[in-house]
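I have a structure I would like to understand better, so I am pasting it below and will then ask my questions one at a time.
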Amino acid sequence: MKILVTGGNGFIGKRLSKLLLKGKDTIYIFDREADSELEKAGAKYYIGDVTKLGDVLQAFEKLKPDIVYHLAGITDEQNQNLYGVNVDGTKNVVAAAKGKSIKQIVFPGTVGILSTAHQPTTELEEYYPQTPYEETKVLSEKEVIYSGIPYTVVRAPVVIGPNVYWKNIIKAAKEDYPLIGTGANYWPLVDVDDFSEALFFVKDNKHALNQIYNITAKNQMTYGEIYREIRKQIGKGEITKTVPVWLIYILSFVYSLKCKLKGVQPKLSMQKQSIDRLLKDRRMDVSKIEKLGFAPKYTIQESIARWAPELK
């Protein structure tokens, strides 16, 4: 089979590509440049920009893939290309796939787009995006679901691994960033390798066609428990500072106002939507993907232990 991976050089994409390359399928990666490590492993590249419909159409016409993993995307809400890459890029992939013999489009979703009205949250929960990124993920997911092409969506919570997001979290813990509120809200996470394995697992799986799945780590923990575990892993000991929720929102408002007056972009960690995301109480129901046969390898503690030394 021919498998096309858009965004195959990315944080998730590179790990998924390595898994795919272990098999007998021909793996094509659509990205803006080639990765020498993946090329040496056997990946074939089609250089292009997912926001350019012509590039995407030409890639599909030339490569004629059987399965498409659409991973090209942006998570940085301060990036001016957020909508163009996430939404328009998905529209381009869907347009290029229509009329072709595509057996499956696999799309990485996020549980952040879902309401927390019902706990634990299932795949049937209503959409309730609260940030620009989440809004683009809802629109992108709908493009895939209503494309008329067989699809599988795997929704993950925040992914633990060696990236800038987690480097900043470790840095904050080292600098004794305070615990906000009581820390009693559940904050689901998943290891980057478990997410990649889940995406790989649904490949060409007839039982996964036209289905949406939630995943998490092997366990679910509260924000306070996770923060204590991070501090433990980096040798910082018990949490020494806490701040009331109402105060952090006031500080965020004042800080954002100052940044606006100065004409500078506020730090993501101090923006209201980031604080909302951190304090949201969410427990996930992952029984559906478990029934399919997938089980994550890592607990949150094990995942933090894997990556904390690399991020310190």
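Only the coordinates and a few stated rules stand behind these numbers; no lab work does. On a predicted model such as this, the values are computed, not experimentally measured, just so you know. Heads up, the Cβs are rebuilt from the backbone with ideal geometry, glycines too, and the neighbour counts pull from every protein chain shown.
Quick one: if you stick a label point 7 Å off each Cα along the C-beta vector at LYS236 and GLN273, how many nm between them?
2.5 nm
Could you compute the net charge surrounding THR182? Neighbours are other residues with a C-beta less than 13 Å from the C-beta of THR182; K and R count +1, D and E count -1.
Values: positive: ARG228; negative: GLU225, ASP281.
Neighbour charge sum, excluding THR182 itself: -1.
With charges only on Cβ, +1 for K and R and -1 for D and E, what is the dipole size of the stretch 209-275 about its Cα centre, in debye, rounded to 20?
I would put it at about 320 debye.
Same structure again: Which entries of LYS142/LYS288; LYS22/LYS52; LYS171/LYS258; LYS22/LYS312; LYS18/LYS280; LYS40/LYS203 show an alpha-carbon separation above 26 angstrom in the structure shown?
LYS22/LYS52; LYS22/LYS312; LYS18/LYS280
Going by C-beta contacts inside 10 Å, put SER269, SER17 in order with the fewest on the left.
So the residues, fewest neighbours to most, are SER269, SER17.
Next up: Mind pulling up the Rg/Rh value for the stretch 236-312? Radius of gyration and Kirkwood radius, both on Cα.
1.12
Another question, then. Which percent of Cα-Cα pairs in the chain sits in each 10 Å bin, short to long?
6, 26, 34, 23, 10, 1
Taking the dipole about the Cα centre of the chain, with the C-beta of Lys and Arg at +1 and of Asp and Glu at -1, give me whichever of SER269, VAL94, THR222 is farthest to the positive side.
SER269
Using a simple spin-label model with points 7 Å from Cα along the Cα→Cβ vector, what separation in nm is obtained for ASN79 and VAL264?
2.3 nm
Would you kindly compute the Cα radius of gyration of the stretch 147-227 and its largest Cα-Cα separation (Dmax), both in Å?
16.2, 50
Separate question: Highest GNM mean-square fluctuation, the chain, Cα pairs closer than 10 Å: which of SER274, SER140, SER36?
Maximum fluctuation in the GNM of the chain, among the listed residues, is at SER36.
Also: Could you please rank MET284, MET221, placing first whichever residue has the fewest other Cβ atoms within 10 Å of its Cβ? Before the final figure, lay out each step's value.
Values: MET284 24, MET221 19.
In increasing order of surrounding Cβ atoms, one gets MET221, MET284.
Continuing with this model, one more query. Within the stretch 236-312, list the GluC sites (Glu not before Pro) lying in a DSSP loop whose Cβ has at most 16 other Cβ atoms in a 10 Å radius.
Listed in order of number, the matching sites are GLU238.
If the cut-off is a Cα-Cα distance under 20 Å, which aspartates and glutamates reach LYS241, setting aside same-chain residues fewer than 8 apart in sequence?
Within the straight-line cut-off, LYS241 pairs with GLU175, ASP176, GLU225, GLU229, ASP276.
Where a ≥ b ≥ c are the square roots of the eigenvalues of the C-alpha gyration tensor, would you call the stretch 1-45 rounded, which needs a/c under 1.5, or, failing that, prolate if a/b is larger than b/c, or oblate?
Rounded is the answer for the stretch 1-45, as its axis ratio a/c remains below 1.5.
How charged is the neighbourhood of TYR146? Take every other residue with its Cβ under 12 Å from the Cβ of TYR146, and add Lys/Arg as +1 and Asp/Glu as -1.
+1
What trypsin sites (Lys or Arg not before Pro) in the stretch 240-281 are in a loop by DSSP, with at most 16 other Cβ atoms within 10 Å of the Cβ?
Those that pass, being in a loop and sparsely packed, are LYS241, LYS267, LYS280.
OK, next. Quote the relative contact order of the stretch 178-288 in percent (integer), defining contacts as alpha-carbon pairs under 8 Å separated by 6+ residues.
Details: 109 pairs, mean separation 48.7, N = 111.
Relative contact order here is 44 percent.
I've got another one for you. Can you give the three extents of the C-alpha atoms in the stretch 74-193 along their principal axes, from longest to shortest, in whole Å?
55, 32, 26
If you don't mind, another one. Can you tell me the relative contact order of the stretch 156-227? Whole percent, Cα pairs under 8 Å, sequence separation 6 or more. Intermediate values should be presented prior to the final figure.
On the way: 63 pairs, mean separation 34.9, N = 72.
Here the relative contact order equals 48 percent.
Something else now. Let me spell out the model: positive unit charges on the Cβ of Lys and Arg, negative unit charges on the Cβ of Asp and Glu, origin at the Cα centre of the chain. What dipole size does that give, in debye rounded to 20? Working shown, then result.
Details: 44 positive and 36 negative charges, 70 e Å.
Once rounded to the nearest 20, the dipole reads 340 debye.
Here is a further query. How large is ³J(HN,Hα), in whole Hz, for each residue of the stretch 270-287 in order, when computed from phi with the Karplus curve 6.51 cos²θ - 1.76 cosθ + 1.60 and θ = phi - 60°, using x for Gly and Pro?
Ordered by residue, 3J(HN,Hα) equals 9, 7, 4, 5, 5, 5, 4, 5, 5, 8, 5, 8, 9, 10, 9, 8, 10, 5 Hz.
While we're looking at this one, here's another question. Residues with beta-carbon under 9 Å from that of ASN9, excluding ASN9: net charge, scoring Lys, Arg +1 and Asp, Glu -1? Spell out each step's value before the answer.
Values: positive: LYS14, ARG32; negative: ASP31, GLU33, ASP35.
Neighbour charge sum, excluding ASN9 itself: -1.
Can I ask one more? Using the alpha carbons of the stretch 44-94, what is the convex hull volume per residue in cubic angstrom, as a whole number?
Cα-based convex hull of the stretch 44-94, divided per residue, equals 80 Å³.
Cα gyration tensor of the stretch 170-312, axes a ≥ b ≥ c as square roots of the eigenvalues: rounded (a/c below 1.5), prolate (a/b > b/c) or oblate?
Judged from the Cα gyration tensor, the stretch 170-312 comes out prolate (a/c at least 1.5, a/b above b/c).
Another one. Where a ≥ b ≥ c are the square roots of the eigenvalues of the C-alpha gyration tensor, would you call the stretch 6-76 rounded, which needs a/c under 1.5, or, failing that, prolate if a/b is larger than b/c, or oblate?
oblate
What whole number of Å gives the distance from the Cα centroid of the stretch 270-286 to the Cα centroid of the stretch 93-132?
After rounding, the separation between the Cα centres reads 18 Å.
Just round it to a whole percent: the fraction of Cα-Cα distances in the stretch 1-129 exceeding 17 Å. Spell out each step's value before the answer.
Values: 4883 of 8256 pairs.
It works out to 59 percent of all Cα pairs.
Normalised by the number of residues in the chain, what is the relative contact order in percent for Cα pairs under 8 Å and 6+ residues apart? Display every interim value, and only then the final one.
Working: 577 pairs, mean separation 55.3, N = 312.
Rounded, it is 18 percent for the chain.
Go through the stretch 138-220 and name the GluC sites (Glu not before Pro) that are in a DSSP coil and have 12 or fewer other Cβ atoms within 10 Å of their Cβ.
Passing sites in the stretch 138-220 are GLU175.
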